[in-house]
Amino acid sequence: MNFSIQAVYNWYRNLLRNPKYRWWVILGTAFYFLLPFDIAPDFLPVVGQVDDVFLLSLLVAEVSQMLMEGVKARKANTQQQTAEANTGTTASTIDVDAVSVK
């Protein structure tokens, strides 16, 4: 069995990005962080906090990246709507040929 940190990271990231499971993963991570039962118990001096810090930093990084992507998408959508509204305004103008009167 090939086990690597990158494989766990990719699995967690893909699961977190799936809208069907997103809130379950966030709640599960929060419960894992708050509960005293861990892979490495917290009473061990350094090892006990490593898994908590790793999982919490991974959660914060992924959620913040998803929020930034959402903000960028919303901003792009707003800019697109503004451009469409401006284009619609200029498309409804009437061109008039000026004729000089003598």
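Below are the figures for this structure:
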| item | result |
| --- | --- |
| All positions within segment 19-36 that are basic (Lys, Arg) and either surrounded by 12 or more Cβ atoms within 10 Å (Cβ to Cβ) or under 14 Å from Val63 (Cβ atoms) (or both) | Arg22 |
| Failed item, numbered, when Leu44 is tested on (1) among the aliphatic types (A, V, I, L, M); (2) loosely packed, with under 13 Cβ neighbours inside 10 Å; (3) modelled with pLDDT of 80 or more | (3) |
| Residue list for segment 1-18, restricted to those being open to solvent by 100 Å² or more (accessible area, probe 1.4 Å) and either aliphatic (A, V, I, L, M) or under 13 Å from the mean Cα position of the chain (by Cα) (or both) | Met1, Ile5, Asn14 |
| Failed item, numbered, when Glu84 is tested on (1) of a type in the set (Asp, Glu); (2) open to solvent by less than 90 Å² (accessible area, probe 1.4 Å); (3) at pLDDT below 80 | (2) |
| Neighbours by Cβ (under 9 Å, 6+ apart or cross-chain): first from segment 47-65, closer than 14 Å to Pro36 by Cα; second part of a helix (DSSP H, G or I) and open to solvent by 60 Å² or more (accessible area, probe 1.4 Å) | Asp52/Phe33 |
| Residue match in segment 47-64 (condition: of a type in the set (Asp, Glu), modelled with pLDDT under 85, out of contact with any strand residue (DSSP E or B) (no Cβ under 9 Å at 6 or more places or on another chain) and open to solvent by 80 Å² or more (accessible area, probe 1.4 Å)) | no |
| Segment 32-75, residues that are of a type in the set (S, T, N, Q) and within 19 Å of the chain's Cα centre (by Cα) | Ser57, Ser64, Gln65 |
| Number of the condition not met by Ile39 [criteria: (1) assigned to a loop (DSSP other than H, G, I, E, B); (2) open to solvent by less than 80 Å² (accessible area, probe 1.4 Å)] | (2) |
| First in segment 10-36 and free of Cβ contacts under 8 Å to residues at least 12 places away in the same chain, second anywhere and in a loop (DSSP other than H, G, I, E, B) and surrounded by 12 or more Cβ atoms within 10 Å (Cβ to Cβ), Cβ under 6 Å, 6 or more apart | Leu15/Tyr21 |
| Among (1) under 30 Å from Ile5 (Cβ atoms); (2) exposed (fewer than 10 other Cβ atoms within 10 Å of the Cβ), the one test that Val101 misses | (1) |
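The values are calculated or read from the model by the stated rules, or taken from the named source; none is laboratory data. Please read these numbers as outputs of a predicted model, since none were measured by experiment. Cβ atoms come from the backbone with ideal geometry, glycine included; neighbour counts cover every protein chain shown. The area values use the complete protein model at the heavy-atom level, side chains included, leaving out ligands, DNA and RNA. Shrake-Rupley method; radii C 1.70, N 1.55, O 1.52, S 1.80 Å.
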